[in-house]
Structure formats: structure tokens, C-alpha cells
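Remarks on the structure that follows.
The values are calculated or read from the model by the stated rules, or taken from the named source; none is laboratory data. In this text, all values refer to a predicted model and were calculated from it rather than measured experimentally. Ideal geometry is used to build each Cβ from the backbone, glycine not excepted, and the neighbour counts take in all protein chains shown.
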Amino acid sequence: MSTINVTPFVDVLLVLLALIIVFASDAPGSKNAATDQVAGALGAEFDESETVTLELGDDGTIVLAGLAVEPGDLGLALAQLRTKAAGGVVINISAHKNVNYRSLFTVLQTVNASQVAGVTFALVD
């Protein structure tokens, strides 16, 4: 009965994993700490864009740029923000960790359909 020595294979995988971890900090979509700008999917930074926070509470409340918005009116509110900002709008979605999945998914679909310049997402306590 013959066996296969997998030690060299595991060594190569560990080296690749280490390289991925080292270079992942420069991945597109990450926030540039020095300039506080959000990078897009292709790594381009949105210099002229306006950044707006969208907060999603665990009870389903939506707060866009400090104003409470009904879920049905979110698309219209995003369209109004998009027309006001010449360079586009970057939406920072901040959702409570206990948010209802259905409401979160609805908000994400609405933001996606609104054709904003970029989106960031974070779960908060």
C-alpha cells in the first residue's frame, strides 16, 4: 500500500495564505486611513463624492443622513441625495447586529438599485 506525502503541499498552501494576508490590506474596497476616503471596486478613490451614513436599527428604523426615513421612501431619498452630489454618493451602511434579515436585504436591494457611487457596510452592537 502506497501513501502520498502531503507535507510539501501543505507548506505551499501556508506560504500562499501568508502572502494573501500580507497583501490583503491593499485590496480594493478598503478604506484609506490616511485620506479617510473609500476606494471603489477597482481601487479608484471617490475624490468628489459625498459620503452619507445610513443607519439600520434592530427595530427596522432607517436613518439616512440624520433623518428618519420610511422603508418605502428610501429609494426616493437616495435618488434626491444622488442628484444633489455632482461626484456621486457613497453610502456607509451601519446595521445593528440584531437587525431583521428581511429589512436588511430590502435596504441593500434599494441601495443597489439607486446607482450610488459606492457602498460600505458594517455591523454594530
Response to the item:
Exactly one of F23, F9 is surrounded by fewer than 14 Cβ atoms within 10 Å (Cβ to Cβ) and modelled with pLDDT of 80 or more, and that residue is F9
Item to complete: List every residue pair whose Cβ atoms sit under 6 Å apart, with the two residues 6 or more apart in sequence or on different chains, where the first one lies in region 53-77 and is in a strand (DSSP E or B) and the second, anywhere, is of a type in the set (S, T, Y).
Response: E55/S94
Item to complete: Output the residues belonging to region 98-124 that are of a type in the set (A, V, I, L, M) and either surrounded by 14 or more Cβ atoms within 10 Å (Cβ to Cβ) or in contact (Cβ under 8 Å) with a residue 60 or more places away in the chain (or both).
Response: V99, L104, V107, L108, V111, V116, A117, V119
Worksheet entry | Subset of region 71-87 (residues that are under 20 Å from A117 (Cβ atoms) and in contact with a helix residue (DSSP H, G or I) (Cβ under 7 Å, 6 or more places away or on another chain)) | L74, G75, L78
Practice prompt. Quick one: in region 83-97, of everything that is at pLDDT 80 or above and more than 18 Å from P71 (Cα to Cα), which residue is surrounded by the fewest Cβ atoms within 10 Å (Cβ to Cβ)?
Written response: K97
